[in-house]
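The structure's right below; bear with me while I get my questions together.
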Amino acid sequence: MTKFKSHIEKSEVAQMQNIHFQGRIITIDTVADTEKAVKALSKEPFLGIDTETRPSFRKGVYYNVSLLQLCTADTCFLFRLNKIGMPKSLISLLENDKIKKIGLSLKDDCQALYKRAKFTPGNFFDLQQHVAEFGIEEMSLQKIFAIIFQRRISKSQQLTNWDADVLNDKQKLYAATDAWACLMIYNRLKETETL
């Protein structure tokens, strides 16, 4: 089994070449589009998953999760939960045991999604619980990705307004990259040892 570096410094990550998702990004903001997207995603065995929530800069103020990203190797669907809520078809996909949803810190994502609608997570795979088996002790997506691929993924849009009426291209690319990066890490670890 391949062993990776256990730690990496922020300064080292900063020197690396930036990389981002190169595929199609499809924004879903109607229930009708949700049905079509879920139909396409239901054919996939593996999906990268992530969420984004509008940041709160005031104590005691919290927002519901705004965005759910589900990504294949070449297409990322951005579900605007602040506009569509949690349609039944989307809940069914999240509960589907036949599709492995790969993410990072999934307990937090699941709790945030659960506040929008009750569901039972089906076949969720949290990378944070498995990278240690490969010698990686870092917990952040950016650092894990940097250790495995020697490339940097940007976190510059993290604290932007995910409830904005229209997401800008930088936000969309950031959101898609996070979900895609989880899938890439999983595939790389799978190559070195079957998970």
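Can you say whether ASP97 is surrounded by fewer than 18 Cβ atoms within 10 Å (Cβ to Cβ) and over 25 Å from ILE153 (Cβ atoms), as far as the supplied structure shows?
The answer is yes for ASP97.
Restricting region 134-144 to residues that are part of a helix (DSSP H, G or I) and without any contact (Cβ under 8 Å) to a residue 60 or more places away in the chain, which is nearest to THR192 (Cα to Cα)?
By that ranking, first place goes to ILE144.
Looking only at region 115-156, filter to residues that are under 16 Å from HIS7 (Cα atoms) and charged (D, E, K, R); which one of those is surrounded by the most Cβ atoms within 10 Å (Cβ to Cβ)?
Among those that are under 16 Å from HIS7 (Cα atoms) and charged (D, E, K, R), it is LYS143.
Check off (1) among the β-branched types (Val, Ile, Thr); (2) modelled with pLDDT of 95 or more; (3) surrounded by 16 or more Cβ atoms within 10 Å (Cβ to Cβ) for THR30 and give me the number that stays unchecked.
In the conditions (1) among the β-branched types (Val, Ile, Thr); (2) modelled with pLDDT of 95 or more; (3) surrounded by 16 or more Cβ atoms within 10 Å (Cβ to Cβ), THR30 misses (3) alone.
Next question. Out of PHE77, PHE4, PHE21, PHE46, report the one residue that is more than 27 Å from PRO121 (Cβ to Cβ) and either hydrophobic (A, V, I, L, M, F, W, C) or touching a His at 6+ places or on another chain (Cβ under 9 Å) (or both).
Only one candidate passes the filter, namely PHE4.
Separate question: Take the residues in region 37-88 that are of a type in the set (Val, Ile, Thr) and in contact (Cβ under 8 Å) with a residue 60 or more places away in the chain, then tell me which one is surrounded by the most Cβ atoms within 10 Å (Cβ to Cβ).
Here the answer is ILE49.
Looking at this structure, is ALA112 among the hydrophobic types (A, V, I, L, M, F, W, C) and surrounded by fewer than 19 Cβ atoms within 10 Å (Cβ to Cβ)?
It is false that ALA112 is among the hydrophobic types (A, V, I, L, M, F, W, C) and surrounded by fewer than 19 Cβ atoms within 10 Å (Cβ to Cβ).
Still on this structure: If you check PHE119, PHE124, which single one turns out to be more than 17 Å from the chain's Cα centre (by Cα) and either at pLDDT 95 or above or not hydroxyl-bearing (Ser, Thr, Tyr) (or both)?
PHE119
In region 17-52, what residues are in contact with a helix residue (DSSP H, G or I) (Cβ under 6 Å, 6 or more places away or on another chain) and either more than 17 Å from ASP74 (Cα to Cα) or of a type in the set (Lys, Arg) (or both)?
ASP29, VAL31, THR34, GLU35, THR51, GLU52
Could you tell me whether any residue of region 145-159 is closer than 22 Å to LYS100 by Cα, of a type in the set (Phe, Trp, Tyr), part of a helix (DSSP H, G or I) and modelled with pLDDT under 95?
Among the residues of region 145-159, not one is closer than 22 Å to LYS100 by Cα, of a type in the set (Phe, Trp, Tyr), part of a helix (DSSP H, G or I) and modelled with pLDDT under 95, which makes the answer no.
Also: Please find, within region 67-94, the residue that is nearest to SER42 (Cα to Cα) out of those that are charged (D, E, K, R) and touching a Ser or Thr at 6+ places or on another chain (Cβ under 9 Å).
Here the residue is ARG80.
The values are calculated or read from the model by the stated rules, or taken from the named source; none is laboratory data. Because the structure is a prediction, the values reported are computed rather than measured. Using ideal geometry, Cβ is built from the backbone for each residue, glycine included, and neighbour counts are taken over all protein chains shown.
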